[in-house]
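*Asks:* Just passing along the structure, written as structure tokens.
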Amino acid sequence: MILSNPVIDVDGDTATARFIWTGVRNPAIGEPPVIEEQGREYDRLVKVDGTWKFAHRVVIADSGLPEGQYPEW
């Protein structure tokens with residue numbers, strides 16, 4: 001999994017984060033990696049006792065949607 005294009009906004013002990021994610025896999029040993037799918041992630045985070053935790057997380061796959069959803073996309 002590759003996370004790219006991060007946009008992170010911190011406001012005290014809360015934050016929001018947005019990423020593009022790309023799933024990569026190797027079909028077999030010796031074969032080059034291939035991109036499996038790609039999507040977006042939206043997170044709300046809170047700092048609890050000095051550690052960042054997810055308060056809410058949304059992960060959306062932009063590929064592999066059911067065929068009927070592509071016209072609306």
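*Asks:* For residues in the stretch 35-50 being modelled with pLDDT of 95 or more and open to solvent by 70 Å² or more (accessible area, probe 1.4 Å), which is farthest from A17 (Cα to Cα)?
*Replies:* It comes out as D49.
*Asks:* To continue, here is another question. Could you identify the single residue in I8, I60, I29 that is at pLDDT below 95, in a strand (DSSP E or B) and either surrounded by fewer than 13 Cβ atoms within 10 Å (Cβ to Cβ) or over 13 Å from the mean Cα position of the chain (by Cα) (or both)?
*Replies:* Values: I8 fails: at pLDDT below 95; I29 fails: in a strand (DSSP E or B).
The conditions single out I60.
The values are calculated or read from the model by the stated rules, or taken from the named source; none is laboratory data. Being a predicted model, the structure only gives us computed values, none of them experimental. We place every Cβ from the backbone using ideal geometry, glycine too, and count neighbours over all the protein chains shown. Protein only, heavy atoms only, side chains kept; ligands, DNA and RNA dropped before computing areas. Shrake-Rupley method; radii C 1.70, N 1.55, O 1.52, S 1.80 Å.
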